[in-house]
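Enquirer: I am attaching a structure below and will ask some questions about it afterwards.
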């Protein structure tokens with residue numbers, strides 16, 4: 001009897017040890033979610049540069065987005081590419097339409113705080129805003145390029161077994177950027193104020209001429225983004241997003257760009 005009891009205890013310890021090894025691996029795999037998503041949409045954009053004129057431009061266009069997300073119980077990671085295109089016209093006259101192209105590549109890392117809220121950061125590895133306005137000759141091209149750091153919030157609210165409301169906000173903290181034009185001249189403002197202008201310097205015309213980039217903070221560079229996405233079974237989503245950028249390289253002569261977007265997103269794969 002004593003020998004039988006020892007054998008039963010030994011088998012129980014052996015089974016318990018096996019369970020402790022296997023169960024965490026299954027749970028970890030179950031909690032891992034990977035998504036590759038494709039989104040298309042429409043947008044209304046607006047722009048005003050007081051260094052040139054108080055005329056405000058606005059118009060409509062489209063949006064394409066590709067994103068990869070990886071989510072576990074401990075983190076949320078997103079790598080995405082957004083491309084926005086639009087045609088804008090002045091609100092005071094019909095001439096001088098502008099074509100706007102804006103590609104963005106960003107990385108986002110969040111940590112869960114409770115069951116529904118995640119906080120973290122977003123880094124724009126590439127942020128270019130290009131516009132070409134008819135009738136302005138050599139001054140018709142405008143480029144705003146740089147890299148941005150955001151504080152990010154992400155909230156999930158499960159409405160029922162099929163629908164989930166996902167909301168997010170990105171608040172710009174730092175921007176390392178340059179504006180291609182200064183006050184009434186096709187060169188960065190800090191270059192004009194420096195007093196050493198030289199067209200032989202390639203950094204003058206290059207959007208990646210880091211020599212003339214400026215570091216801007218939240219106090220002098222308003223950079224906000226927000227979005228609301230209604231997701232059906234984590235497969236098909238429809239959403240609204242909004243963004244605004246407002247800064248001034250010349251005091252009282254600010255530049256403002258904003259957009260409203262409506263997108264449809266489809267998850268190509270889920271693991």
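One line per residue, one yes/no per condition, for (1) over 25 Å from residue 46 (Cβ atoms); (2) in contact (Cβ under 8 Å) with a residue 60 or more places away in the chain:
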residue	(1), (2)
215	yes, no
220	no, no
226	no, no
231	yes, yes
253	no, yes
256	no, yes
259	no, yes
262	no, yes
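Enquirer: Is it the case, given these coordinates, that residue 83 is within 20 Å of residue 262 (Cβ to Cβ), free of Cβ contacts under 8 Å to residues at least 24 places away in the same chain, under 16 Å from the mean Cα position of the chain (by Cα) and surrounded by fewer than 17 Cβ atoms within 10 Å (Cβ to Cβ)?
Expert: yes
Enquirer: Specify the residue that is surrounded by the fewest Cβ atoms within 10 Å (Cβ to Cβ); the eligible residues are those in the range 93-112 that are touching a residue at least 40 places away in the same chain (Cβ under 8 Å) and over 21 Å from the mean Cα position of the chain (by Cα).
Expert: 95
Enquirer: Select, from 84, 80, 98, the only residue that is in contact with a strand residue (DSSP E or B) (Cβ under 9 Å, 6 or more places away or on another chain), at pLDDT below 95 and in the same structural domain as residue 136 (by TED's automatic domain parsing).
Expert: On inspection, the qualifying residue turns out to be 98.
Enquirer: Against the definition (part of a loop (DSSP other than H, G, I, E, B) and more than 16 Å from residue 154 (Cβ to Cβ)), how does residue 96 come out, yes or no?
Expert: yes
The values are calculated or read from the model by the stated rules, or taken from the named source; none is laboratory data. Because the structure is predicted, anything quoted here is derived from the model rather than measured. So basically every Cβ, Gly included, is an ideal-geometry build from the backbone, and we count neighbours across all protein chains shown.
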